[in-house]
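Each remark here refers to the structure printed beneath this line.
The values are calculated or read from the model by the stated rules, or taken from the named source; none is laboratory data. No experiment lies behind these values; they were computed from the predicted model shown. Cβ placement follows ideal geometry from the backbone for every residue including glycine, while neighbour counts extend to all protein chains displayed. Note: areas computed on protein heavy atoms with side chains; ligands, DNA, RNA excluded. Shrake-Rupley method; radii C 1.70, N 1.55, O 1.52, S 1.80 Å.
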Number of protein chains: 2
Amino acid sequence: MLALTLDAASGATLRADVSAPARTRGESLVRMRCAGVCDTDLQLVRGYMNYRGTLGHEFVGDVLDADDPAWVGRRVVADINAGCGQCDDCRLRDGHHCAHRTVLGIAGRHGAIAEQLVVPERCLVAVPDGVADDAAVFAEPLAAALHVLDALGATRDRVVVLGDGKLGLLIALALLAEARGVLVLGHHVAKLELAAAAGADVALATDIADGDARSDAVVEATGTSAGLARALRLARPRGTVVLKTTVASRYDVDLAPVVVNEVNLVGSRCGSMVRAVAALSDQRVDPRPLIAARYPLSHATQALSHAGTRGVLKVLIENLGNDRS
Amino acid sequence: MLALTLDAASGATLRADVSAPARTRGESLVRMRCAGVCDTDLQLVRGYMNYRGTLGHEFVGDVLDADDPAWVGRRVVADINAGCGQCDDCRLRDGHHCAHRTVLGIAGRHGAIAEQLVVPERCLVAVPDGVADDAAVFAEPLAAALHVLDALGATRDRVVVLGDGKLGLLIALALLAEARGVLVLGHHVAKLELAAAAGADVALATDIADGDARSDAVVEATGTSAGLARALRLARPRGTVVLKTTVASRYDVDLAPVVVNEVNLVGSRCGSMVRAVAALSDQRVDPRPLIAARYPLSHATQALSHAGTRGVLKVLIENLGNDRS
């Protein structure tokens, strides 16, 4: 089958000779309908996590086979974290921090930019009919965006989101869906307009003084040292800065404000897919304005290249069915 | 009077010609009995905060004059944060984050390494007779050490303290006083023995693998990038790292673990002087094993130099009364 694979020798390559995955007990076999390219995919190509295998962790697809026949034929998304199912983190919490987890297309498990993939049956979340493929494919990043709410304190301050890339914009949409006030600071008028259209306050980051944007709750979604430094300046004393990007580079930043202002800097990663699908199904979030381009799976390397172009929002890859080799 | 002053031209200098401070309404005039040298003083000398004036914020002294005559003659310590008294932070909380605060010997207010000093009357805390001067002088850093408890989560995990300098050791003593289990990781056998004598588990930082020291609660008290990086490795997923030192240098550190493990990195600064004095009075903490040397005020520059020597614990400066110029 076709799959966009990453290996040490060739980098990211579309291969037509990849064996279709075989599911084992507890797992489901899924035919990919649509996949999204995430900045994490681009980082993996640059060496992050030393990942080797099929890329992709944002997808919607149809279940071809599963232990439970009720799943077969259903349209699904999936939690990308596949925990061991045995440890406390898996039994008592969401398993997102299971020490033995695999992560779809990121760690120890082939990803979704392929004709077919295998995911644990317990990770599947059904997609209601009213949610289009090109909205459902955002379920994973939307879950992560909604998870920001779990990191914010009890404050009802307007949340400041630093960054108007696809992550920052999706976080803004997610917060608005939960009736939080949002101010997005970015560098791109057209992108800021997307957030404004959804109800956010927006401003060019260079146009607003720190003193006019202070908040108990700031989300750093630029992935830069400068962004983090500004987030720390914008946080009120004893406020919270949510760090949302696993940049491959190191931060070089003065953390003295963390101590002096007793700021809470908290990392936030993956969220609940059930919550994300509910938000899509209730039409509280429509992420489709973030779509920049669509490619057939046969053009996945071009899609990856396009997604890596500075300033491009979400690039989708569709499995049209006539791509099969 | 004698005072250890910092100015741009001469650096830290003991001057004999400093005018005795005059108290204004709401303030108290205090005769210093004993003062401590803190690493922050050494940082101020290196340029931190651009501070100019009398150094010192750790002290115990006698009230010479105050609006309320009940204070006169009492032995006191004081909250070093002098808030405006009007803002929400001052009215509703402790004023430690008042935007208009002065901070004794650190920002906008002459410090305690002098024969006399002035502090707001509302900042005074009386010292019970049973607490010796050389214990009471630790009230301010002990308050900061006890404040770590406010930053820790609800976990009952043994707290890992990184660093066996005077800050790390005092934090260990403070946590032990609150019946928390403590593991101190350091590089100095003799200092680790001080913590062990108080009941802490201790180990050379180089002798223990990360996997054997994981905790929901880690306190970074080394002030180094390497220390912070290790603290982030030692924190369990969704655990807390308390950042305790305002190092003048920048941290250069990979914050990806903050995001991947959803760690809560929280700054912690000053604490409650009342709580610190209570812990001293109840003899739950005896900080005096941390005393490395005592100097008369007339030798304050030597004291500062000694305190700046690598590895030296607490240096005290005593106002013997016969120093007066």
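Observations on the model:
- Summing Cβ point charges (Lys, Arg +1; Asp, Glu -1) relative to the Cα centre of chain B gives a dipole of roughly 260 debye.
- Secondary-structure-derived ellipticity at 222 nm for the protein assembly as shown, considering helices only, amounts to -6500 deg cm²/dmol, per-run term -39500 (n - 2.57) for DSSP H runs with n ≥ 4.
- The accessible area of B:Ser298, taken with all protein chains in place and a 1.4 Å probe, comes to roughly 40 Å².
- Sites B:Glu193 and A:Arg91 - FRET efficiency at Förster radius 56 Å, r taken between beta-carbons, to 0.05: 0.85
- Convex hull volume of the stretch A:3-101 per residue (C-alpha atoms, cubic angstrom): 125
- A Förster radius of 35 Å combined with the Cβ-Cβ distance from A:Asp133 to A:Thr155 puts the calculated FRET efficiency at roughly 0.45.
- The protein assembly as shown, Rg to Rh (Cα coordinates; Rh as Kirkwood inverse mean 1/r): 1.06
- Cα principal axis extents for the stretch A:208-287, largest first, Å: 43, 30, 23
- Pair-distance profile P(r), taking every C-alpha pair of the stretch A:8-60, with 10 angstrom steps and integer %: 19, 46, 33, 2
- Based on the Kirkwood approach, the hydrodynamic radius assigned to the stretch A:51-182 is 16.3 Å, with every pair of different Cα atoms included.
- Close amide H pairs (under 5 Å, H built 1.01 Å from N) link B:Tyr295 with B:Leu316, B:Ile317, B:Glu318, residues at least 5 positions away or on another chain.
- Heavy atoms of A:Met49 accessible to a 1.4 Å probe, total area in Å² rounded to 10: 100
- Distances between copies at B:Gly308, taken between label points 7 Å from Cα along the C-beta direction, are 5.0 nm in increasing order.
- Compared with the alpha-carbon gap, the fully stretched path from A:Ala226 to A:Arg52 is longer by 59.5 nm at 0.36 nm per residue.
- Extension gain, A:Ala70 to A:Asp212: 0.36 nm times the residue separation minus the Cα-Cα distance gives 45.7 nm.
- Span from the the stretch A:191-261 Cα centroid across to the the stretch A:154-174 one, whole angstrom: 9
- Shape annotation for the stretch B:108-213: C-alpha extents along the principal axes are 50, 32, 31 Å, from largest to smallest.
- Rounded to 5, percent antiparallel among DSSP beta bridges of chain B: 55
- Nearby lysines by direct alpha-carbon distance to A:Lys244 (threshold 26 angstrom, same-chain neighbours under 8 apart not counted): A:Lys166, A:Lys191, A:Lys314, B:Lys244
- Shown in residue order for the stretch B:109-124 are the 3J(HN,Hα) couplings computed by the Karplus curve 6.51 cos²θ - 1.76 cosθ + 1.60 at θ = phi - 60°: 8, 4, x, 9, 8, 6, 5, 9, 8, 10, 9, x, 4, 5, 8, 6 Hz (x for Gly and Pro).
- For B:Asp67, label point 7 Å along C-beta direction: distances to other copies, nm: 7.3
- Shown for chain A: the carbon plus sulfur share of the solvent-accessible area, taken with all protein chains present and a 1.4 angstrom probe, equals 49%.
- Inter-copy label distances for A:Glu193: 7.3 nm (label point placed 7 Å from Cα along Cα→Cβ; shortest first).
- A Förster distance of 60 Å, applied to the separation of the beta-carbon atoms of A:His306 and B:Arg284, puts the FRET efficiency at 0.40.
- Length-normalised contact order for the stretch A:85-215 - Cα pairs under 8 Å, 6+ apart - percent: 14
- Segment B:Asp201-B:Asp252, extension gain: residue separation times 0.36 nm, minus the distance between their alpha carbons: 15.4 nm
- Kirkwood-type radius of chain B, with distances r between different C-alpha atoms, in Å: 20.1
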